[in-house]
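**Q** Sharing a structure, written as structure tokens. Questions coming.
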Amino acid sequence: MEGLDRFLVATSTIGFICVCKVFVKFLKWVWVMFLRPPKNLKEYGSWAIITGSTDGIGKAMAFEFASKGLNLLLVGRNPLKLETTLKEIRERHGVEVKFVVIDMQKVSGEEIAKRIEEAIDGLDVGLLVNGAGLAYPYARFFHEVDLELMDAIVKVNLEATTWITKAVIPSMLKKKKGAIVNIGSGSSVVLPSYPLVTLYAATKGYLAMFSRCISLEYKHQGIDIQCQVPLFVSTKMTKMKKSVFVPTPELYSKTCTRWIGYEKLVEPYFLHSVQGFLIRAIPHALMDSYMLRYFLYFRAKGLSKDSNKAKETSLAASDSQ
């Protein structure tokens, strides 16, 4: 009986410790999600650079930063969209806004860095958001991705972020403060795999590791570097409608700005965090099987649309003849 008593005491103690550990984790999650005060972003500097600033998360973050009194340098490839966004921000928030036109799909990394260095000369840059991103039009096997799309995804998602970050860090080092936010993806962190959208997920996986490493390199020099990994957000790229678990870019941007300056890798939107917890509890084999079937379905839909478009084009050409 004495041995049994000791066993019961030991197992009860271990169980109590495990319960306490889970409870502490839950309290920490509540604190960082809802109660922790956001940092004053203007303390980093008076200017913020945002790539991909004419659509989706990037544009929403531009308006969010402007509402906090930050001046903006917008980076994009479409001068008309940049001009329109610039005017909207100035009219609504009255901050100073500039833009630089860079087509990241066509310009070399060295040229991107050179243009950014010229654009920020004389500006007190405190924040950089690498929000530009490119994905497949629809799911497909890796061998089906054409060379032009492959090159564009690597250039925009991987090379451009790397070179822009390299161009901005020296100015932050001089004043010993700054913050960099790389917009990654839950596809590379939350999910065990992302089949048929392989190249997109792989480049986003690079951003997560890139952010972790340079965060350690520059944290002691006053530069806070972070990778944010949203799940689905209602943007042109995802083509998804707003729902409980799919926030608008505006809602997401209000959430994600509260996290800047804290952890290296974060899921800022609280319902995405809940989703992530549930997904990680599912065995990888089951999740892999589900994701493959999920994207095979969307591949079939995409191929069907392409086939219909080709038929319509062929019929139109025949009619014109």
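**Q** Starting from the eigenvalues of the Cα gyration tensor, five times each then square-rooted, give me the equivalent ellipsoid semi-axes of the stretch 8-151, largest first, whole Å. Please report the intermediate quantities before stating the final value.
**A** Details: eigenvalues 320, 132, 40 Å².
Taking √(5λ) for each eigenvalue gives 40, 26, 14 Å, largest first.
**Q** Give the aspartates and glutamates whose C-alpha is closer than 18 Å to that of Lys25, dropping any in the same chain fewer than 8 places away, or say none.
**A** List returned: Glu263, Glu267.
**Q** Now for a different question. Among Ile223, Ile279, which comes first, then next, by fewest other beta-carbon atoms within 10 Å? Could the numbers behind the result be given before it?
**A** On the way: Ile223 22, Ile279 14.
The order, fewest Cβ neighbours first, is Ile279, Ile223.
**Q** Here is a follow-up. So what's the back-of-envelope 222 nm ellipticity for the chain, counting only DSSP H runs of four-plus at -39500 (n - 2.57) apiece and dividing by all residues, rounded to 500?
**A** Details: 10 runs with 167 residues, N = 321.
Theoretical 222 nm ellipticity from helices: -17500 deg cm²/dmol.
**Q** Using R₀ = 35 Å, calculate the FRET efficiency as 1/(1 + (r/R₀)^6) where r is the Cβ-Cβ separation of Arg90 and Lys236; round to 0.05.
**A** Values: r = 24 Å, r/R0 = 0.68.
According to the calculation, E is roughly 0.90.
**Q** Also, quick follow-up: Between Asp288 and Thr11, what is 0.36 nm times their sequence separation minus the Cα-Cα distance? Round to one decimal in nm. Before the final figure, lay out each step's value.
**A** On the way: separation 277, 0.36 × 277 = 99.72 nm, distance 3.50 nm.
The Asp288-Thr11 span can extend by a further 96.2 nm.
**Q** Once phi is turned into ³J(HN,Hα) by the Karplus curve 6.51 cos²θ - 1.76 cosθ + 1.60 with θ = phi - 60°, what whole-Hz value does each residue of the stretch 31-41 show in order, with x for glycine and proline?
**A** Ordered by residue, 3J(HN,Hα) equals 4, 6, 7, 10, 10, 5, x, x, 7, 6, 5 Hz.
**Q** Could you line up His220, His93, His272, His143 from fewest to most neighbouring Cβ atoms inside 10 Å?
**A** Ordered from fewest to most neighbouring Cβ atoms within 10 Å, His220, His93, His272, His143 come out as His143, His220, His93, His272.
**Q** What's the local net charge at Lys166, with K and R +1, D and E -1, over the other residues with C-beta under 14 Å away?
**A** Values: positive: Lys114, Arg115; negative: Glu110, Glu111, Glu117, Glu159, Glu217.
Result for the local shell: -3.
**Q** Right, something else. Just add up the charged neighbours of Glu43: K/R +1, D/E -1, any other residue whose Cβ is under 14 Å from the Cβ of Glu43. List each step's numbers first, then the result.
**A** Numbers: positive: Lys39, Lys42, Lys68, Lys175, Lys176, Lys177; negative: Asp124, Asp224.
With Lys, Arg at +1 and Asp, Glu at -1, the net is +4.
**Q** Rounded to whole Hz and in sequence order, give me ³J(HN,Hα) for the stretch 196-202 from the Karplus expression 6.51 cos²θ - 1.76 cosθ + 1.60, θ = phi - 60°, writing x for Gly and Pro.
**A** Values per residue, Gly and Pro as x: 6, 10, 4, 5, 4, 4, 5 Hz.
**Q** Under 17 Å Cα-Cα from Lys311, which aspartates and glutamates qualify once same-chain neighbours fewer than 8 residues away are excluded?
**A** Asp319
**Q** Another question about this same structure. Order these peptides, 187-199, 47-59, by their mean beta-carbon neighbour count within 10 angstrom, highest first. Could the numbers behind the result be given before it?
**A** Details: 187-199: 20.0, 47-59: 25.2.
In descending order of packing, they fall as 47-59, 187-199.
**Q** What percent does the relative contact order of the chain come to when contacts are Cα pairs within less than 8 Å and at least six residues apart?
**A** Details: 478 pairs, mean separation 53.5, N = 321.
Over the chain, the number comes to 17 percent.
**Q** Would you please put 237-243, 67-73 in order of how densely packed they are, using the mean number of other Cβ atoms within 10 angstrom per residue and starting with the highest? All intermediate terms of the calculation are to be shown ahead of the outcome.
**A** Details: 237-243: 12.0, 67-73: 19.0.
The densest-packed peptide leads the list: 67-73, 237-243.
**Q** Now for a different question. Please report Trp29, Trp163 as a ranked list, fewest other C-beta atoms within 10 angstrom at the top and most at the bottom. Please list the in-between numbers first.
**A** Values: Trp29 14, Trp163 22.
Ranked by crowding around the Cβ, least crowded first: Trp29, Trp163.
**Q** Across the stretch 38-280, what fraction of all alpha-carbon pairs, as a whole percent, falls in each successive 5 Å bin from zero upward?
**A** 1, 7, 14, 19, 22, 18, 12, 6, 2, 0
**Q** Ok, one more. Report the far tail of the P(r) of the stretch 129-203, meaning the percent of Cα-Cα pairs longer than 17 Å. Don't skip to the answer; put the middle values down first.
**A** On the way: 1421 of 2775 pairs.
For the stretch 129-203, the fraction of Cα-Cα distances above 17 Å is 51 percent.
**Q** Also, I was wondering about something else. Please give the FRET efficiency for Leu35 paired with Lys98, using the beta carbon to beta carbon distance and R0 = 45 Å, rounded to the nearest 0.05.
**A** On the way: r = 36 Å, r/R0 = 0.80.
Using R0 = 45 Å, I get an efficiency of 0.80.
**Q** Report the Cα centroid-to-centroid distance between the stretch 102-132 and the stretch 39-63 in angstrom, as an integer.
**A** First find each Cα centre; the distance between them is then 14 Å.
Any read-out appearing in this document is the output of simple, stated calculations on the displayed coordinates, not a laboratory observation. Bear in mind that the values here come from a model prediction, so they are computed numbers and not experimental data. Cβ: placed from backbone, ideal geometry, glycine included. Neighbour counts: every protein chain shown.
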